[in-house]
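Undergrad: My questions will all concern the structure given below.
The values are calculated or read from the model by the stated rules, or taken from the named source; none is laboratory data. None of the values given here were measured: they were computed from a predicted structure. As a convention, Cβ positions derive from the backbone with ideal geometry for all residues, glycine included, and neighbour counts pool all protein chains shown.
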Amino acid sequence: MKTVTSKDNPLLKSARKLHTRKGREASGAFLVTGKKLISEAASAGFTVEYVFVDAAALARGEIEPEVYANEISLEERLFLDLAGTVTPQPYIAVVKRPVAETGLLRRPGEASRNDGIAADDIIEGATELSGSYKIAAGDRIAADDIIEGEAELSGSYKIAAGDGKDSAMRRIMILDRVGDPGNVGMIIRSAFAAGMDGLWCVKGTADVFSDKAIRASAGAVFRLPVREGLSAQACISDIRALGVRLLVCTAGGADLYETALTGGIAFVIGNEGSGPQEVFLRAADASIGIPMETGAESLNAAVAASVVMYEARRQWIASPPRRGVSQ
């Protein structure tokens, strides 16, 4: 494997641009550091374009050569410059962003609006179908499939126990200009673990595909559907269209632990300094707050979001929806 020794190498120059949000958005790619996170991205269906490896680590025998089919060996000084840390992990991958569809970052392998489903197709597992579908005779829809919108079903079907017609987006976390990428990543990690269906980011929220956010998410950003660059009003309109409640987290809101959080619900966590925008407060079905001891400072945004989501999860588990009933 030839080692790149020039800072003017075209692939290296392109990769350096991915340290900025502008560069990531322009190229449709981002950087992922470390073997574990690269594997997480690949297993979630993301395309790993190529992987830079630390030539010095290879020379010392600390890592095996050609772990990836598309490796590029980088001279140590260049690798350290690209990594931007003193003791980086020896792998840095360039990964393609998922395809954006009407603002929704579509995860690889997801069926989407107007996808064709032909006769004799077999749909199994936890497949989520959204939009309007014509499903022909002979198709089989397996347990846990979710069909949203107007699905035309004709012929004879085998629909297994647990199937239901419900929205794939019932539990949503909205980040209103949360600026710290570490907070954003930690919220994504908690949202995925707590069973949220998606995370929406209002303009001004840190990029979910920045290196810091990816690392803080521990790879959950590759698993949780995310929308970015939304206006507050667009979030509100989409929440109304989904028919779920909008709850804004703010100091002085109703006690979280005395609030019913079952059914379809969207939470709003505001900016670390200024809190949620007034437009969210006006549109909210309710404002909720986390009770704290007198004199205590407000909680970190990621901590607050995690507390709220896990209280919601506790209630969802305690009061599961009845079969065939959409909450």
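Undergrad: Quick one: which strands (runs of 3 or more DSSP E) sit completely within the stretch 190-287 and have at least 3 residues that are surrounded by 22 or more Cβ atoms within 10 Å (Cβ to Cβ) and in contact with a Phe, Trp or Tyr (Cβ under 7 Å, 6 or more places away or on another chain)?
TA: Strands (runs of 3 or more DSSP E) meeting the threshold: 245-255.
Undergrad: Sticking with this structure for a sec: Restricting the search to the stretch 205-244, which residues are hydroxyl-bearing (Ser, Thr, Tyr) and under 15 Å from residue 187 (Cα atoms)?
TA: Matches in the stretch 205-244: 205, 210, 217.
Undergrad: To continue, here is another question. When you go through (1) at pLDDT below 95; (2) under 12 Å from the mean Cα position of the chain (by Cα); (3) small (Gly, Ala, Ser) one by one for residue 151, which number turns out not to apply?
TA: (2)
Undergrad: A further question follows. Can you find a residue that is surrounded by fewer than 20 Cβ atoms within 10 Å (Cβ to Cβ), hydrophobic (A, V, I, L, M, F, W, C) and assigned to a helix (DSSP H, G or I) anywhere in the stretch 290-308?
TA: yes
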